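Trainee: Just passing along the structure, written as structure tokens.
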Amino acid sequence: MMQNSPMSGESRLERGRRALAEIDGAAGQNVVDALAGIAPDFATYLFEFPFGDIYCRPGLSLRDREIATIAALAAMGTAAPQLKVHIEAGLNVGISKHEITEILMQMAVYAGFPAALNGSFAAKEVFSRHETASEEAGA
């Protein structure tokens, strides 16, 4: 599990690349690739700050960080693409579909029913994709 101190000898960029691959797999790299023709420096910032600095801090597990991220993105109500990426990341770091559903239902209390509903629909899409990929891998 990624919990390296900034003093581990890796650069922020190296640490961030490793963290993003561990957490988001191909979904995170797809975001970086999409930025290549528009704002490649922004992709570097994405590696360095959120993943190289914040995600690698001690104190919370990757699972805990993804729970917080899913809740925050759902509550925002304006970040459906990012929410889908982080729902997938949540599955990658051990959050169950049931737990993700409960996180999104909790948002009805603090962010309102529209945010919880939109988050639930995003989760349904990710879960469906995830199940299809699992079925194809097993076939």
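The values are calculated or read from the model by the stated rules, or taken from the named source; none is laboratory data. Just so we're clear, the structure is a prediction, and the values are computed from it rather than from any experiment. Methodologically, a virtual Cβ is constructed for each residue, glycine included, from the backbone with ideal geometry; neighbour enumeration extends over all protein chains shown. Heavy atoms of the whole protein, side chains included, go into the accessibility calculation; ligands, DNA and RNA do not. Shrake-Rupley method; radii C 1.70, N 1.55, O 1.52, S 1.80 Å.
Trainee: May I ask for the net charge around ALA43, where only other residues with Cβ less than 11 Å from the Cβ of ALA43 are counted and Lys, Arg are +1 while Asp, Glu are -1?
Mentor: Values: positive: ARG17; negative: ASP33, ASP41, GLU48.
Taking every other residue near ALA43 into account, the sum is -2.
Trainee: Now for a different question. Have a look at ALA116, ALA89, HIS130 and report the one farthest towards the positive end of the charge dipole of the stretch 2-138, computed about the Cα centre with Cβ charges (Lys/Arg +1, Asp/Glu -1).
Mentor: Of the candidates, ALA116 comes out farthest on the positive side.
Trainee: Normalised by the number of residues in the chain, what is the relative contact order in percent for Cα pairs under 8 Å and 6+ residues apart?
Mentor: Values: 162 pairs, mean separation 32.4, N = 139.
Relative contact order, the chain: 23 percent.
Trainee: Considering the dipole of the chain built from charges on the beta carbon (Lys and Arg +1, Asp and Glu -1) around the Cα centre, which of PRO40, GLY59, LEU104 is farthest to its positive end?
Mentor: Among PRO40, GLY59, LEU104, the one farthest towards the positive end of the dipole of the chain is GLY59.
Trainee: Carbon and sulfur: what percent of the chain's accessible surface (1.4 Å probe)?
Mentor: Working: 4800 of 7810 Å².
For the chain, the apolar C and S fraction of the accessible surface comes to 61 percent.
Trainee: Continuing with this model, one more query. Tell me what the chain gives for mean residue ellipticity at 222 nm when only DSSP H runs of n ≥ 4 count, each as -39,500 (n - 2.57), the sum divided by the residue total, rounded to 500 deg cm²/dmol.
Mentor: Working: 7 runs with 98 residues, N = 139.
That calculation yields -22500 deg cm²/dmol at 222 nm.
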